[in-house]
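Read the figures in this text as sums done on the coordinates, not as results from a lab. These numbers were taken from a predicted model, which means no experiment stands behind them. A quick note on method: Cβ atoms are made from the backbone with ideal geometry, for glycine too, and the neighbour counts reach across all protein chains shown.
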Amino acid sequence: MSEQKKLVGIAADGVCIEGMLELPAHATGMVLFAHGSGSSRLSPRNNYVATVLRNAGLGTLLVDLLTADEDQTYQTRFDIALLTQRLQVALTWLQRQGGELTALPLGLFGASTGAAAALCAAAGAPQLVRAVVSRGGRPDLAGTEALERVRAPTLLLVGGLDDVVIELNQAAYDRMQCEKQLRIVPGATHLFEEPGKLESVARLAADWFLLHLAGSATPDP
């Protein structure tokens, strides 16, 4: 598979959501990013993680699940059903591209509210989504029913100083019945802004996706 980088438009609910699709040569998997409330495909943190994933041989699709106008409304930012629906549309779009792109095993990377949408989408497409990673996410917002239906191996990453979110992730983790890990990144706050912490997140995410999408890495003990 040749290297690709292109801006894509995906039709959803009468609007067009934009995404950046990037494929390294000989990609072994594809990771679709679900951004959190108030964020976008231009998020420097998610773009950093995406770069690390591509360097590890994984394709990435960073997509805005909401239009600019929709993202101005607080309620819409936390509309998990809408975010999930848009994520499902993006997954369907990927599957319809045909050729080698369609054949790549798929993973989801979710941040904040995007993590809830990723888990709901994974619960609804157990044959399609092969792995999920949540960064500082709100998996609890997916709801008990969806959490219990997730079959994709799931990694929950939380900053060690993000006390409330740790508790919410632990509660969601306890509900999940799939292969799972809850990893606390010591000394990190919610956005992993401290030196070296985002690098740790990216490395852990890459290991998880390589293990479950490409079968070529072993997570840290």
> By its C-alpha gyration tensor, with a ≥ b ≥ c as the square roots of the eigenvalues, how is the chain shaped: rounded for a/c under 1.5, else prolate for a/b larger than b/c, else oblate?
Replying inline: rounded
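ALA103 to ASN47: extension gain in nm, 0.36 nm per residue of separation minus the Cα-Cα distance? Mind dumping the intermediate values first?
Numbers: separation 56, 0.36 × 56 = 20.16 nm, distance 2.37 nm.
Residue separation times 0.36 nm, minus the Cα-Cα distance, leaves 17.8 nm.
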>> Rg/Rh for the range 121-169 to two decimals, with Rh computed the Kirkwood way over all alpha-carbon pairs.
In response: 1.00
>> Please identify the DSSP H helices in the chain that span no less than 20 Å along the helix axis (Cα) and have a mean Kyte-Doolittle hydropathy of -1.0 or more.
In response: 80-95
> If each of GLU3 and GLN95 carries a label point 7 Å out from its Cα toward its Cβ, how far apart are those two points in nm?
Replying inline: 3.1
>> Sequence gap at least 6, Cα distance under 8 Å: using those rules, report the relative contact order of the range 4-214 to the nearest whole percent.
In response: 18
